[in-house]
Each structure stands twice: as C-alpha cells, then as structure tokens.
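The values are calculated or read from the model by the stated rules, or taken from the named source; none is laboratory data. Everything numeric here is computed off the predicted structure, so don't read it as measured data. Please note: Cβ atoms are built from the backbone with ideal geometry, for glycine as well, and neighbour counts cover all protein chains shown.
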Amino acid sequence: MSDACDLTQRPGALPQRRPPTPEGIRDVLTKSRTVAVIGLSEDPSKPAYGVAAYLKKQGYQILPVHPKAVTALGEKVHRSVAEIPGRVDLVYMFRGADAAPGVVEEAVAKGAKAVWMPEGVVNEEAAEKGLQAGLAVVMDRCAQKEHLRLGLGAL
C-alpha cells in the first residue's frame, strides 16, 4: 500500500471498472458523520493518523479500529467495526487490498453506508460486493485530498 495521502501523488492512478465520480465522493463526505478508521493507531508517521486527524478537525467523529492500540487521537480504539457501539456511516480502511473483502463484510454487517480505500488500494471483487449490498465504494482516493479538492472546508 502506498502512502495514503501523499499530496504529490496523482489521485485515481489505478484503473477501476467503476471509478467514483466527484458527486459520489462529495455525497460520501457530506453525508458521513461517523467514520470507523481501520488501522488507526497513535503513530503520527502512519497515513491513517494524518488523514484521521484532518477529518476529526473537520468535525467528523473518528472511531479507531486496530488490533493492538488502546487509544488514537484521544479516542478509545476498538478491535473490530462490530465492537463499535452505535452508528457507523463510513468505514475507511488503511489496509492492503487483500483485506478489502472482509472489511466490506464488516461494513455491511454494521449497517455502514460507505467503504473507502486509500490511494494505492483497489479490490474490484470487494467493491462489487459492497455495491450489491447498497454501499457507496470509493477506492484509490485520499479522503483528505478529496475533501480539500471539493472545497468542503470546515463542516
């Protein structure tokens, strides 16, 4: 997996059967309030930390998911999406493409509305599964870059 939000990297560099539209990305970012971030720990050198910190500053409720961390960005870390109490709108995974099918299953089971895969991560099989279950799916994009690009500013 490449750096998830390298501001010099061109967005959407990997081919996709159904790339997200700007309207679809805007819809996910404006309708999501609670974001489960898989792979978020207290390590500021990791892309998940920087992107989640940005989203938190923009007013999103960040719900960290990590197998070993205890807290991240001042929030309690959950071991899985299923462990998160309450609603999850968006599941943002900072894992490799091979983890995407399981993440989509977790998102569907939790009742999330969308799954987001960072730059460098595309899994067409998982995307198709998510779309068939009614999820919005964004792949190979950085939410921070897209938020800035779309001029969404502070929420």
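Restrict the check to region 93-102 and report whether at least one residue is closer than 26 Å to Arg17 by Cβ, surrounded by fewer than 20 Cβ atoms within 10 Å (Cβ to Cβ) and under 11 Å from the mean Cα position of the chain (by Cα).
Quick first cut of region 93-102, residues closer than 26 Å to Arg17 by Cβ only: 93-102.
Adding the requirement that they be surrounded by fewer than 20 Cβ atoms within 10 Å (Cβ to Cβ) leaves 95-99, 101-102.
Subsequent filtering for residues that are under 11 Å from the mean Cα position of the chain (by Cα) retains 95.
Yes, the conditions are met somewhere in region 93-102.
Taking region 27-72 as the region of interest, how many residues are acidic (Asp, Glu) and part of a loop (DSSP other than H, G, I, E, B)?
Within region 27-72, the subset acidic (Asp, Glu) is 27, 42-43.
From what is left, the residues that are part of a loop (DSSP other than H, G, I, E, B) are 42-43.
Total meeting the criteria: 2.
Residue under question is Lys56, and the condition is that it be of a type in the set (Lys, Arg), over 26 Å from Pro22 (Cα atoms), at pLDDT 95 or above and over 12 Å from the mean Cα position of the chain (by Cα); does it hold?
Numbers: of a type in the set (Lys, Arg): yes; over 26 Å from Pro22 (Cα atoms): no; at pLDDT 95 or above: yes; over 12 Å from the mean Cα position of the chain (by Cα): yes.
Judged against the criteria, Lys56 is not a match.
I'd like to verify a number: residues in region 35-46 that are buried (at least 17 other Cβ atoms within 10 Å of the Cβ) and out of contact with any His (no Cβ under 8 Å at 6 or more places or on another chain), how many?
Matching residues across region 35-46 total 3.
If a residue must be outside any loop (DSSP other than H, G, I, E, B) and within 14 Å of the chain's Cα centre (by Cα), how many such residues does region 127-155 contain?
10
Pick from Tyr60, Tyr54, Tyr49: which is under 18 Å from Leu150 (Cβ atoms) and either small (Gly, Ala, Ser) or crowded, with 20+ Cβ neighbours inside 10 Å (or both)?
Tyr60
Please enumerate the residues belonging to region 80-112 that are part of a loop (DSSP other than H, G, I, E, B), touching a residue at least 24 places away in the same chain (Cβ under 8 Å) and more than 19 Å from Leu55 (Cβ to Cβ).
Scanning region 80-112 gives Ser80, Gly96, Gly111.
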